[in-house]
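Notes follow once the structure below has been shown.
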Protein chains: 4
Amino acid sequence: MSPRTSTQFETIRQEKRKVILEAALELFAENGFHATSMSTIAKKGGISKGLAYNYFESKNDILEEIVDEGFHQVHDLLDPDKDGVLSEEEFISFLEKTFAMVKNNHRYWKLYFALMIQPVVSENLSEKYAKAGEPLFRMMHEFIASKGSSDPEGDLMIISAMLEGTFLYAIVAPDIFPIDRMKEKVIDGIFRIIQSGNKNKAV
Amino acid sequence: MSPRTSTQFETIRQEKRKVILEAALELFAENGFHATSMSTIAKKGGISKGLAYNYFESKNDILEEIVDEGFHQVHDLLDPDKDGVLSEEEFISFLEKTFAMVKNNHRYWKLYFALMIQPVVSENLSEKYAKAGEPLFRMMHEFIASKGSSDPEGDLMIISAMLEGTFLYAIVAPDIFPIDRMKEKVIDGIFRIIQSGNKNKAV
Amino acid sequence: MSPRTSTQFETIRQEKRKVILEAALELFAENGFHATSMSTIAKKGGISKGLAYNYFESKNDILEEIVDEGFHQVHDLLDPDKDGVLSEEEFISFLEKTFAMVKNNHRYWKLYFALMIQPVVSENLSEKYAKAGEPLFRMMHEFIASKGSSDPEGDLMIISAMLEGTFLYAIVAPDIFPIDRMKEKVIDGIFRIIQSGNKNKAV
Amino acid sequence: MSPRTSTQFETIRQEKRKVILEAALELFAENGFHATSMSTIAKKGGISKGLAYNYFESKNDILEEIVDEGFHQVHDLLDPDKDGVLSEEEFISFLEKTFAMVKNNHRYWKLYFALMIQPVVSENLSEKYAKAGEPLFRMMHEFIASKGSSDPEGDLMIISAMLEGTFLYAIVAPDIFPIDRMKEKVIDGIFRIIQSGNKNKAV
DNA sequence: GATGAATGAGGATTCATTCAT
DNA sequence: TATGAATGAATCCTCATTCAT
């Protein structure tokens, strides 16, 4: 029964923190930020309301932490960190990672879409993602251009829309739009779009 | 001296009703249902809180009326009411009407997306739209099939996703994704997908 | 189509007034004063809210009119207006009139009990009735005394309580305490009490 | 520093709960349920409105708890839990306990009468009491029968009415009908009724 | 006389947040 | 660290009453 070391305390803190964030994520995603009370979060996390405020400054703060953590995960996972143009295998692998991400973190993405449409705090989520997504967009743009598209910006737009729409459907109507099936079709569709849009169609 | 005729009353009611619904639509779309108070709606509508309850039973009721009215507009506008396969012109015209609808009723579609992701009432909005959208899907399916697609279901899926994603972007990031430009690209993209997916690619 | 005479107008006014009072009486009695809204009264009376205010100054005013009218009916009906002691027949007839009154105006008496226990306006209803009932009490007192009671005040108390309890039961639990059966028993019981309480028991 | 023990919390809760219930009882009894606001209850209890809702789900809930607690007190106090016929001493003792109960819990009984006449919730209070009172009625019935009454049901009716009326008067007009004096007269009166109603009057 | 739109004050209820322990 | 009692502002909703027609 020796007093816990500060490392142990730190571990406990990190775990509690995670518990709260996960409870909040589920509730925010499923019911919305405003329809979720701190009481409910605390109850779902198995702690007291007071303790939640020991870990986070406010309900808003919890949301921001969730968004930030999710954002970093996305960043870490997708950051191409690569110069030059992607090969086709690399591009496909990138798409598959993206689909896996949405599939494995359904709740986060549900929350992402909700916040995209109706930001809770002043800061606009889509701006944040827009800025962060810039390298991704550039990467895709270069890939598309490398394939000979006569309008890479335009093609990027509709391909992005197709991806975003796919993820949205995968979130809200997974029964009708099963994500695995969609993945195959979307990847295939992207190439069809790219190839049919070649500057020189008579390849 | 004499009381207003019932026609006069009816006119007043219809106009005031519209005022309330429009104020509420704007606020619900922009800030979300839960973040919008009846006070705010009343203030925006230039009336007292109490009067709003003279016209609608509850905040929920206002939302339902908005959804219903929007739904009927969509239905009236898009109902193909047509047997047989669409010609290409008809199909394009249908797509253009759809884009016009989103463009001209930006707020309603913002609310639509918000409710799609996080329904406020028990009834699932996507179910309602899924049922209503069935004829549309069938129509598109037939059109795609008529063009010789080897996988019309799959093609329909990604085309639907592309449309939904386009509208979503047009709603949340119109600066980056201007709807008119998107419309051209999407219509073009759809045909590229369809044609490149022909059973017999060597046309 | 000659203009209505002022007499006709007066008749109309009286009838409307009665309609309102009856609607209000039923609602006040059944649901209570505070649980009854002017809207409900107007709807039940088949008139508009505004018109109700044409006839009465306030909801309170309606209640007061109901109470006053009921009070006068009671007064007119029961006022003994008689000097000297009642004969047994007269006393029994008085009791029967009282029972008939409660039986035929169930709603008024329900309201009477409700107001007796929880007055709505400052003025205490029981005081009003106490004052008005004084002649009645005196009459009963004299009757009891004339029968040789050794404690007419005390006997009057328990007889009054028996009557009041009987009417209360007849109002709230008429199935278990049917008023007609109760009437026979109560009248009988009163005489049993009086006679058994004679100064000179060996009659 | 360390959090309160659950026993400490429990003590706080029990005491505060009692404070709220007592404040509410007084107000409900004196002014009626609908005329009493949660604000008033909170103010009288010396707490904030919000805290009242930490203890009770709704105003209705407060009322129900008051009724239930009072009901249990009555039940515990009066439950005869006795087979066979009561002796005269036992019967008198039972009546005296009943009078003491009303005298010592004036407010509860005022509320009881108010709810009897105009129930606030759907469930009828008189039904609840009717069921609970059944053993009491049976007991009184047997006692009356044991005294040789030729119509024990009828005698029970008028005796019950006399008691109920006495309590009602004791509640609403204690000055004119002082409960202690009434008690003597009523007990005496009950025996006069019973004895004068013997099958064999020629005792 | 008659209507119902309109108001505003008040009432029930919820909830983020603080605080004593 | 941890608890939950406590607060007060905000929210949904009701309703007596007024008023233009």
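Report Rg/Rh for the range D:1-147, rounded to two decimals, where Rg is the Cα radius of gyration and Rh the Kirkwood radius.
Across the range D:1-147, the Cα-based Rg/Rh ratio is 1.08.
How big a patch of accessible area, both sides summed and in Å² to the nearest 100, lies buried between D and C at a 1.4 Å probe?
Chains D and C together bury approximately 3600 Å².
If you take the square roots of the eigenvalues of the alpha-carbon gyration tensor of the protein assembly as shown and sort them as a ≥ b ≥ c, do you get rounded (a/c under 1.5), prolate (a/b over b/c) or oblate?
Verdict is prolate for the protein assembly as shown.
In nm, what does the list of distances from B:Lys44 to its counterparts in the other copies look like, shortest first, when each label sits 7 Å along Cα to Cβ?
2.7, 4.0, 4.2
Filter C:Lys103/D:Lys131; A:Lys18/D:Lys49; A:Lys147/A:Lys183; A:Lys131/A:Lys183; B:Lys43/D:Lys44; D:Lys128/D:Lys183 down to the pairs with a C-alpha to C-alpha distance above 28 Å, please.
Where the Cα-Cα span goes over 28 Å, the pairs concerned are A:Lys18/D:Lys49; B:Lys43/D:Lys44.
What do you get for trypsin sites (Lys or Arg not before Pro) in the range C:53-122 restricted to DSSP loop and a cutoff of at most 13 other Cβ within 10 Å of the site's Cβ?
C:Lys82
Please find, among residues of chain A, the one with the beta carbon closest to the rotation axis relating it to chain D, distance in whole Å.
Chain A residue with minimal Cβ-axis distance: A:Gly50, 3.
Run the numbers on the range B:1-56 and let me know its relative contact order in percent, using alpha-carbon pairs under 8 Å that are six or more apart.
30
Rounded if a/c is under 1.5, else prolate if a/b is larger than b/c, else oblate: which is the range C:90-139, with a ≥ b ≥ c the root eigenvalues of its Cα gyration tensor?
Oblate shape, in that a/c is at least 1.5 and b/c is the bigger or equal ratio.
Over all alpha-carbon pairs in the range D:1-56, figure out the percentage whose distance exceeds 19 Å.
33
When each copy gets a label point 7 Å from Cα toward the beta-carbon at C:Val121, what are the spacings between them in nm, shortest first?
Copy-to-copy label distances for C:Val121: 3.4, 4.4, 6.0 nm.
Run the helix sum for the protein assembly as shown: -39,500 (n - 2.57) per DSSP H stretch of 4+ residues, divided by residue count, reported at 222 nm to the nearest 500 deg cm²/dmol.
-25000 deg cm²/dmol
Between 0 and 90 degrees, rounded to the nearest ten: what's the tilt of helix A:6-31 against the longest Cα principal axis of chain A?
With rounding to tens, the tilt is 60 degrees.
Put a dot 7 Å past each Cα toward the Cβ at A:Glu88 and A:Ile176; how far apart are the dots in nm?
3.4
By average Cβ neighbour count within 10 Å, what is the ranking of D:9-17, A:50-58 from highest down?
Answer by packing, highest mean first, reads A:50-58, D:9-17.
Filter the GluC sites (Glu not before Pro) in the range D:82-172 down to the DSSP loop ones having no more than 13 other Cβ atoms within 10 Å, then list what survives.
Those satisfying the criteria are D:Glu123.
Per residue, how much accessible area does the range C:64-196 show when a 1.4 Å probe rolls over the protein heavy atoms, in square angstrom?
Per-residue accessible area for the range C:64-196 comes out at 44 Å².
If you add up the charges near D:Ile41, with Lys and Arg at +1 and Asp and Glu at -1, over every other residue whose beta carbon is less than 11 angstrom from its beta carbon, what do you get?
Charge balance near D:Ile41 sits at +2.
Hey, for B:Pro174 with labels 7 Å out along Cα-Cβ, what do the inter-copy distances come to in nm, ordered shortest first?
B:Pro174 label point versus its equivalents elsewhere: 3.4, 6.7, 7.2 nm.
Tell me, what is the percent relative contact order of chain B, built from C-alpha pairs under 8 Å that lie six or more residues apart?
Worked out over chain B, it gives 20 percent.
Out of the range D:131-203, which trypsin sites (Lys or Arg not before Pro) are coil in DSSP terms and have no more than 16 other C-beta atoms within 10 Å?
Those that pass, being in a loop and sparsely packed, are D:Lys199, D:Lys201.
Carbon and sulfur atoms: what percent of the 1.4 Å accessible area of the protein assembly as shown do they account for?
Of all accessible area on the protein assembly as shown, carbon and sulfur atoms account for 50 percent.
With axes computed from alpha carbons, what is the tilt in degrees of helix D:152-172 against the longest principal axis of chain D, rounded to the nearest 10 within 0 to 90?
Helix D:152-172 sits roughly 40 degrees off the main axis of chain D.
Give, as ranges by residue number, the residues of the range A:83-106 whose backbone N falls under 11 Å from the point 7 Å along Cα→Cβ of A:Glu142.
Those under the cut-off are A:83-87.
Is there a simple number for the mean count of other chain Cβ atoms within 10 Å of the Cβ of residues in A:165-172, and what is it?
Shielding by partners across A:165-172 averages 6.
Is the C-alpha gyration tensor of the range D:115-196 telling us rounded, prolate or oblate? Criteria: a/c under 1.5 is rounded; beyond that, a/b larger than b/c is prolate, otherwise oblate.
Taking the square roots of the gyration eigenvalues as a ≥ b ≥ c, the range D:115-196 is oblate.
Compute the helix-to-body angle for B:88-104: its Cα long axis versus the longest principal axis of chain B, expressed 0 to 90° and rounded to tens.
Here the helix axis deviates by roughly 30 degrees.
Show which aspartates and glutamates lie in cross-link reach of C:Lys185 when reach means a straight Cα distance below 13 angstrom and same-chain residues fewer than eight apart are skipped.
Partners found: C:Glu96, D:Asp151, D:Glu153, D:Asp155.
The values are calculated or read from the model by the stated rules, or taken from the named source; none is laboratory data. Just so we're clear, the structure is a prediction, and the values are computed from it rather than from any experiment. Neighbour counts run over all protein chains shown; Cβ positions are idealised from the backbone, glycine included. For the accessible areas, the whole protein counts, side chains as well, though only heavy atoms, and no ligand, DNA or RNA atoms are used. Shrake-Rupley method; radii C 1.70, N 1.55, O 1.52, S 1.80 Å.
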